[in-house]
Each structure stands twice: as C-alpha cells, then as structure tokens.
Amino acid sequence: MRTRMTTMLAAALAVGLTLGLGACDGQLPEPQAASAEVDQMPDLTPEQEQKIRTAVLETLDKATQDMNGEGLGVRVTGPMLEVRNSAITVGKATGGLDKTNTIPTDMMQTVIPTDSGWPRTMYTITTTTEDQQSQRLLVFTQDSPRQNYKLWGVARLFPGAQLPRFTVPEIGTQMGLPNDTGLVATPQEAVERYADVLQNGSNSEFADQFADDSLRQTIASVAQTVQEGMERNNGTQSQTFTAVPDAIKIMRSSDGGDLVVAQINSEWTRAAGDGRESLPASDEEEALFGDGTATSTMKVTYVNIVALYVPPEDSGEQITAVGAERKPIKVEAV
C-alpha cells in the first residue's frame, strides 16, 4: 500500500499534467509576405507539408493501435521518439495513451525552410484538439536528401502564448543557427540559461532574462508540494536540468527573433527518509518502473521539449517560453 507521502506526490504530479491543456485560440499572428526580395525559394509546398504530416500521424496512429513502437523510427526521431516510446509503455499498463499525447490532424500555420542544405527543419502549428486542448507546435526534420522528413519534437503551446510572425509558406523562412547573433542571447545560450532557470527558479542568475511561463510554474508548484511532504519524514528531493547538446531546432521570424525548440533532460531524485521505501508516485511512473525493486531513493528521468522565442537584442523584451512537453521516460531505484 502506498504511504501518505506517495499519495500526496501522486496528487502533485497529477496537477503537473495540466500543463498546456487549455485552448490557445487567437494567438497566431497572420503570416506576412516578405518586405524585401528573397533569392531562395521554399523547399516544400504546403501540399507537400500536408503529405508529410499525414504520413507521420498515420505512423503514430498505427503504433498506438498496436501498442508497439518498433516501427516509429521510420517517421519519428529525436526527443519525440523517446517521448512516444515511453507513452506506449505507459499505455500498455494503463489501457491507452493519455490525452496529452493527442496530435490534431489539421494545421493552422506552417513554417517552411528556404535553406538549400541539410539537415532541414520545418514547423507546423496545429489546431486545438477535439476536447479543446491547446495547439501543438510540430517540429519536422530531414537529415539528408534521401531520407524522409521525421517528427523530431512536439510542444503543447501555453494558453495565451504569443508566437512571432513568419512569412507565408509560399515564400519560406530561413533556418537559424545555435550561435545566431543580434538577439538578446544566442539560441544555444537561451536554452542553457532556461535549463538553469528551470532548476533554480528565481535564484537563477538568469531568472530576470525570462518571462514567467506555465512550465516554470508547474515545476515550482509540484516541487514545493512534494517538499512539504518530504520534510515530515526527513526525506529529500532534488532536480537537475541539462540542455542536450545539438538537440536544437531554430527558425528565424520576420520579427527579427528566433523561435527555438530544444531538448532539455532532467532528473528528479527523491529520497523517502526515515527508512522508508521510495515508490512510484503516478501511473506513468509505476508503468515505467515495472518490476523494479524499490529502495529508499527513486530517480525519474524526464525529457522536456521546450519552445522559446528569443527576441532581437534591441527589442527590450525577455526570452519567452511559448510551449513545452514534459514526459518521464525512465524510473529507477538508486
């Protein structure tokens, strides 16, 4: 039987699942035509984007129906492959995928690259889900000319999130680089600093460079609730957040900023205290822990896919997280 502490932790984690569930209507700026002549042509047409998206979603649907992720690699890669395989493991144990894994079939906007080389990145922003969950930002990547575009990442947009402007898909958009300058921080710096903010909250030296957001609020709220319970039994907890090298995709907006999507991994270590066992604290954790043997300490590894808008350096604006996906992928006793 679970202890009172474990029950409290499960309730706190359930609160965390509300991240990004609210609808995100009316926040997409209208795509703009280019204000200057553009030499490069878009790499894809909107019709090709739809064909790619349809093929990816069919692959995801088949894996979900079969509860088997073996064929996902044909159309899914990067952090999304880890997230979806984990979701399938959980789904096998719980009777189906959680609704937060839903990806709508219809789209509101697509951002198509003009770059001639590889790898290439494409963004697509979906509609809300049928049950009015928020829109999804889909990130597709093509590593070489002979490979399929694959789904690299999905971020649920935060309610009220303001996205930057992009040119119409018939004109196309230039991909950015991790070391892009002329911004309040390079994209790579922004991701690394955001990881520090997620770990240290208001105590981070970079906290004032970022606007507040739903992911930060959720992580801080759950950690505080868990801490209050831990202290009653002399238990401890800690979380570390690390930007994953090279796991970053960037598109340059017509506003002069960059919309950055990146992978940040985190580890949440919980020690029960007073000779107690640290047990899985949610259905997701229990499914991922499987037949493991509990000890006094449990470590849960998360994949966090974050979408950040990095504004121009002369804008006077903070870096803003506009969406995220946070999923556990491994649970172990240590």
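Every condition in (1) open to solvent by 20 Å² or more (accessible area, probe 1.4 Å); (2) closer than 28 Å to G160 by Cα; (3) in contact with a Lys or Arg (Cβ under 8 Å, 6 or more places away or on another chain) is met by G323 except one, and the failing one is (1).
Look at (1) free of Cβ contacts under 8 Å to residues at least 12 places away in the same chain; (2) in a strand (DSSP E or B) and you find that Q217 fails only one, number (2).
On the given criteria, is G117 under 16 Å from I250 (Cβ atoms) and at pLDDT below 95? Yes; evaluated as a whole, the condition is true for this residue.
Among the listed residues P164, P145, identify the single one that is surrounded by 16 or more Cβ atoms within 10 Å (Cβ to Cβ) and part of a loop (DSSP other than H, G, I, E, B).
On the way: P145 fails: surrounded by 16 or more Cβ atoms within 10 Å (Cβ to Cβ).
Within the list P164, P145, the selection yields P164.
Please tell me if E286 is within 26 Å of I103 (Cβ to Cβ) and open to solvent by 20 Å² or more (accessible area, probe 1.4 Å). Judged against the criteria, E286 is a match. Scanning region 51-82 for residues being more than 23 Å from S144 (Cβ to Cβ) and part of a helix (DSSP H, G or I) gives a total of 6. Mind checking which residues of region 290-304 are out of contact with any Lys or Arg (no Cβ under 8 Å at 6 or more places or on another chain) and open to solvent by less than 30 Å² (accessible area, probe 1.4 Å)? Answer for region 290-304, where residues must be out of contact with any Lys or Arg (no Cβ under 8 Å at 6 or more places or on another chain) and open to solvent by less than 30 Å² (accessible area, probe 1.4 Å): just A294.
Can you find even one residue in region 231-240 that is touching a residue at least 60 places away in the same chain (Cβ under 8 Å) and within 18 Å of N304 (Cβ to Cβ)?
So in region 231-240, the residues touching a residue at least 60 places away in the same chain (Cβ under 8 Å) come out as 232-233, 235.
Next, only the ones that are within 18 Å of N304 (Cβ to Cβ) stay: none.
Within region 231-240 (the criterion being touching a residue at least 60 places away in the same chain (Cβ under 8 Å) and within 18 Å of N304 (Cβ to Cβ)), the answer is no, since none of the residues qualifies.
Here N265, N234 are screened, and the one residue that is open to solvent by 20 Å² or more (accessible area, probe 1.4 Å), over 21 Å from I112 (Cα atoms) and in contact with an Asp or Glu (Cβ under 7 Å, 6 or more places away or on another chain) is N234. Confirm whether A195 is modelled with pLDDT of 95 or more, open to solvent by less than 50 Å² (accessible area, probe 1.4 Å) and out of contact with any Asp or Glu (no Cβ under 6 Å at 6 or more places or on another chain). When the stated conditions are applied, A195 passes them. Residues of region 78-113 that are in contact with a Leu (Cβ under 7 Å, 6 or more places away or on another chain) and among the β-branched types (V, I, T): T89, V90, T100, I103, T105, I112. Reported count of residues in region 83-116, each being farther than 30 Å from E170 by Cβ, open to solvent by less than 70 Å² (accessible area, probe 1.4 Å) and not in a helix (DSSP H, G or I), is 3. The residue that is most open to solvent (accessible area, probe 1.4 Å), among those in region 148-161 that are assigned to a loop (DSSP other than H, G, I, E, B) and within 27 Å of D213 (Cα to Cα), is P159.
Scanning region 174-192 for residues that are buried (at least 18 other Cβ atoms within 10 Å of the Cβ) and small (G, A, S) turns up G176, A185, A190.
The values are calculated or read from the model by the stated rules, or taken from the named source; none is laboratory data. Because the structure is predicted, anything quoted here is derived from the model rather than measured. Reconstructed Cβ throughout: ideal geometry from the backbone, glycine too, with neighbour counts over all protein chains shown. Note: accessible area is taken over every heavy atom of the protein model, side chains too, but ligands, DNA and RNA are not part of it. Shrake-Rupley method; radii C 1.70, N 1.55, O 1.52, S 1.80 Å.
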